[in-house]
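Colleague: One structure is given below, represented as structure tokens, and several questions about it will come after.
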Amino acid sequence: MIELAKIALLGGGLAVDGTTVGQFMLSRPIVAGPLCGLLVGDPASGLIIGVLLEIYLLVSFPSGGAQFPEGATATVVAVAAATASEAAGALPIAVAVGLVWGHVGGVSITEMRKINGRFAPEPFQANAGASRVVSAHWGGIALDFVRGSVVTGVGVVVGRAVVSRAAAAWPLMNDESLGLLIVGAAVSAGILLHDLGGFRKRRLLFGIGLALGVLGGSLI
Amino acid sequence: MKASLPRRVIAATFARSFLIQGSWNYHSMLGTGFAYAMLPALRRLSNGDADVYDAAVRRHVDHFNAHPYLSNLALGAAVRLEADGADPETIKRFKTAVRGPLGGLGDSLVWATWLPMLSMMAMTLWWLGLPGWLAVGFFVIAYNLGHVGLRVWAFRIGLREGRGVAKALAQADLAKLAGRLASISALVLGVLGGAMLTGPRGLMGAGPAWAAVACIAFVIGDKVGHRAWRPAAIATIAAITLVLGWGVVR
């Protein structure tokens, strides 16, 4: 129970970094994964899950009013869920739980923003002074922390229940499981190239990079 | 500036800019956060007159939106305009004029290039066998050097130039910088792809068939763009569920 509370608080803290406070990008899966891994005693799995979800969410940015999957809570939930079993299936099932939970987090952000809107002061309102601004603003930050903690806590309970029941039945080996997850992530990498101008425009630089990556990967 | 502001007031306003999105909402967007960040400067400039302070706060709770880092440019300039005693209509027009460009520039410079470029660099380092803490540490430090640097630069330019920030922004040519970062990002994406294929933790370990399917998935992402993201995520979850179902039946 104490561990669950700690994980939920970590999720709340990282969720706040996502948009409301600082945006130092500690909320990105590549950072949130190992941080949660350290908390649950498995930083290596935390990093692998973080990297996989980072690729999935490479093209998901907290810009403007768009609804986006929430990487921080998704990653914390996935890493904590993965520790529920030592079977090979824990990793892919936890990543799937994380992908689903990212959308749950995204929907909760949208709802929170609607609530924030009800408390936002208007210039013509009688009580639109400094104290109203301060309370509305800190109320929004507190609400985001509570939201992130609740989304994470519920996600961990659900995720651990799914992983502990299902992981043992997973039929693929570790390498094949990783292959399956990377195939899905490759679509996001392709979308990023599309956003950067597309293959036609960037083929020279992308090709040089690919050759360097293949060479580097082969030599190491 | 006609009215000088102490350094601690300037510092407090800058520090509050890190919380500017704290109460983001669909109504006034960054409006409340902008007003919150302005409070130390407005309090000081009102010289203890509650009515003046109240009127100044009301000027800034209205709708405002921009990229959170580059909103510091508008914040610095608004502090300068208030200190110069600019009329409320001028301040309102200024904020309305800058919010679009600051949003678009910030999105293309930070979210679309700086963030993914450094994230991919960190993942490449990890995929090529570097210790995870080094890769993650590199990402956090490098990203935030640019992040905090951009916030400081934008705030200082705003404070210095006031209404003239458009000229300073044009001279900085952030759009050109974003273009260059996009080119570097394409190169890094290639390196990451190569490392994912052949690196020690790479796809070849799973077999060439997985690598071939991943290449096809990559091409689909490039061709279709963002419309492919949700179907791909759903397909991944469905594939995991199917494989699991197969395992249970077997």
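Colleague: Percentage of Cα-Cα pair distances in the protein assembly as shown greater than 28 Å, rounded to whole percent?
Modeller: Details: 57681 of 110215 pairs.
For the protein assembly as shown, the fraction of Cα-Cα distances above 28 Å is 52 percent.
Colleague: Quick one: net charge around B:PHE138, please, counting Lys, Arg +1 and Asp, Glu -1 for every other residue with C-beta under 14 Å from its C-beta.
Modeller: Local net charge: 0.
Colleague: Taking 7 Å along the Cα-to-C-beta vector as the label spot, tell me the A:ILE220-B:LYS176 distance in nanometres, rounded to one decimal.
Modeller: Between A:ILE220 and B:LYS176, the label points sit 3.5 nm apart.
Colleague: Quick one: net charge around B:SER17, please, counting Lys, Arg +1 and Asp, Glu -1 for every other residue with C-beta under 13 Å from its C-beta.
Modeller: Taking every other residue near B:SER17 into account, the sum is +3.
Colleague: Please work out how many pairs of lysine residues in chain B are eight or more positions apart (or on different chains) and have Cα atoms closer than 23 angstrom.
Modeller: Within chain B, the lysine pair count is 6.
Colleague: Also: Looking at the calculated P(r) for the range A:35-163, what percent of the C-alpha pair distances fall above 21 Å?
Modeller: 46 percent
Colleague: Next up: If you rank B:MET121, B:MET29, B:MET196 by fewest surrounding Cβ atoms within 10 Å, what's the result? Let's see the in-between values first.
Modeller: Numbers: B:MET121 20, B:MET29 24, B:MET196 27.
Placing the least packed residue first, the sequence is B:MET121, B:MET29, B:MET196.
Colleague: Calculate the radius of gyration of the Cα atoms of chain B to one decimal place, then report Dmax, the largest Cα-Cα distance, as a whole number, both in Å.
Modeller: 23.7, 80
Colleague: Based on alpha-carbon positions alone, could you give the equivalent ellipsoid semi-axes of the range B:202-250 from the gyration tensor, as √(5λ), descending, whole Å? Before the final figure, lay out each step's value.
Modeller: Details: eigenvalues 102, 60, 8 Å².
They are 23, 17, 6 Å, listed from largest to smallest.
Colleague: When only Cα pairs under 8 Å and 6 or more residues apart are kept, what is the percent relative contact order across the range A:1-144?
Modeller: Reported as a whole number, the value is 21 percent.
Colleague: Please identify the DSSP H helices in chain A that span no less than 18 Å along the helix axis (Cα) and have a mean Kyte-Doolittle hydropathy of -1.0 or more.
Modeller: Values: long enough: A:2-18 (24 Å, 1.25); A:43-56 (20 Å, 1.64); A:90-119 (42 Å, 0.77); A:130-166 (53 Å, 0.93); A:174-195 (32 Å, 0.99); A:198-219 (29 Å, 0.83).
Helices meeting the criterion: A:2-18, A:43-56, A:90-119, A:130-166, A:174-195, A:198-219.
Colleague: Using the Kirkwood radius over C-alpha pairs as Rh, can you work out the diffusion coefficient of the range B:1-112 via Stokes-Einstein at 4 °C, viscosity 1.567 mPa s, in µm² per second?
Modeller: 92 µm²/s
Colleague: Still on this structure: Taking all pairs of distinct Cα atoms, average 1/r, flip it, and tell me the Kirkwood hydrodynamic radius of chain A in Å to one decimal place.
Modeller: Kirkwood hydrodynamic radius for chain A: 18.7 Å.
Colleague: Let me ask something else about it. Return the inverse of the average 1/r over all pairs of distinct C-alpha atoms in the range B:109-250, which is the Kirkwood hydrodynamic radius, in Å to one decimal.
Modeller: Taking every pair of different Cα atoms in the range B:109-250, averaging 1/r and inverting gives 18.3 Å.
Colleague: How much net charge surrounds B:LYS95 when only the other residues with a Cβ under 10 Å from the Cβ of B:LYS95 are counted, with Lys and Arg +1 and Asp and Glu -1?
Modeller: On the way: positive: B:ARG59, B:LYS92, B:ARG93, B:ARG99; negative: B:ASP62.
Neighbourhood net charge equals +3.
Laboratory data are not the source of any read-out in this text; all were calculated from the coordinates shown. Please read these numbers as outputs of a predicted model, since none were measured by experiment. Virtual Cβ from ideal backbone geometry, glycine too; neighbours counted across all protein chains shown.
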